[in-house]
Amino acid sequence: MKHLIAPSVLSADFANLQRDIEMINSSAADWFHVDVMDGVFVPNISFGFPVMEAINKYATKPLDVHLMIVNPDQYIERFAAAGAAVITVHYEACVHLHRTVQAIHAAGCKAGVALNPHTPVALLKDILADLDLVLVMSVNPGFGGQKFIPNTLNKLRELKAMALQINPDLIIEVDGGVGIHNLEDLIDAGAMAFVAGSAIFAAPDPKEMISELKNLKTGTLNI
Ligand code: DX5
Ligand code: ZN
């Protein structure tokens, strides 16, 4: 399987959202990455259901929804109804994570768990078999355009080794400060899905940048 590129809509021009969605539709991207922030779990507020429904109206690729919110359980069904294909919740925001993952599956979505930079991957050992995806945060969540945290590479290698033992089909995704400069190292460390916001939308030609990210390392991943 070739690696997946998930442009983060957070970096799009919200006054021209339909234009930017159609750019992603016609690009080499695989998913739309949709960052929902509540101003409580993270020190920023992004958008909620009305904007997500607008994205879903035009997007022709799966919506990869990253919930940076407390108590996500109460909104799982609404995010599924708003078009989510993948719902990722934060490990740090879920007291009953197994129950939350079950609720995501019951809503018909793939279930992901995100880890903040300080959260060890070993904490996922007993839930890894139940997950479709793990999102390794390579910045502190809340804002686009931050600098990649290098220790992420160690976490990816450790997670990849765990996944080979427990859940070989697991999708390992990385989010924050990802771009053409570090993509190859991230692939080598075991990641297979890549969120990119500023690297794409600040590029002179965002669609061309998506192609470059998608085609950087040809061949197939051993996943
Ligand atoms: C950060 C978000 C990211 C963000 C990535 O909290 O989860 O998805 O949009 O933006 P860049 O690629 O600019 O770091
Ligand atoms: Zn994200």
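Read the figures in this text as sums done on the coordinates, not as results from a lab. Since the structure is predicted, the reported quantities are computational estimates derived from the model, not experimental observations. Heads up, the Cβs are rebuilt from the backbone with ideal geometry, glycines too, and the neighbour counts pull from every protein chain shown.
Just to be sure, is V134 in contact with a Ser or Thr (Cβ under 7 Å, 6 or more places away or on another chain), part of a strand (DSSP E or B) and crowded, with 22+ Cβ neighbours inside 10 Å? Answer is no for this residue. Taken over region 49-69, the criterion of being within 14 Å of ligand 1 (Cβ to nearest atom) and within 15 Å of E173 (Cβ to Cβ) is satisfied by L63, D64, V65, H66, L67, M68. Take the conditions (1) within 12 Å of ligand 1 (Cβ to nearest atom); (2) farther than 16 Å from D205 by Cα; (3) in contact with a Gly (Cβ under 6 Å, 6 or more places away or on another chain); D35 misses just one of them, which is (3).
Checking each residue of region 97-107 against the condition of being in contact with a strand residue (DSSP E or B) (Cβ under 8 Å, 6 or more places away or on another chain) and either within 16 Å of ligand 2 (Cβ to nearest atom) or of a type in the set (D, E) (or both) gives no match.
Selection of region 1-48 for residues being in contact (Cβ under 8 Å) with a residue 24 or more places away in the chain, of a type in the set (D, E, K, R) and not in a strand (DSSP E or B) yields K2, D13, D20, E22, D30. Suppose the filter is aliphatic (A, V, I, L, M), in contact with a Cys (Cβ under 8 Å, 6 or more places away or on another chain) and either part of a helix (DSSP H, G or I) or without any contact (Cβ under 8 Å) to a residue 60 or more places away in the chain (or both); does I104 pass it? It is false that I104 is aliphatic (A, V, I, L, M), in contact with a Cys (Cβ under 8 Å, 6 or more places away or on another chain) and either part of a helix (DSSP H, G or I) or without any contact (Cβ under 8 Å) to a residue 60 or more places away in the chain (or both). Any residue that is closer than 27 Å to V42 by Cα, crowded, with 23+ Cβ neighbours inside 10 Å and charged (D, E, K, R) - is there at least one of those in region 151-168? Yes; the residues of region 151-168 include at least one that is closer than 27 Å to V42 by Cα, crowded, with 23+ Cβ neighbours inside 10 Å and charged (D, E, K, R).
Out of L135, L97, L124, L131, one residue alone is closer than 17 Å to D175 by Cα and either in contact with a Lys or Arg (Cβ under 9 Å, 6 or more places away or on another chain) or not polar (S, T, N, Q) (or both). It is L135.
Considered as a group, the residues in region 37-83 that are of a type in the set (S, T, Y) and within 24 Å of L4 (Cβ to Cβ) include one that is surrounded by the fewest Cβ atoms within 10 Å (Cβ to Cβ), and that residue is T60.
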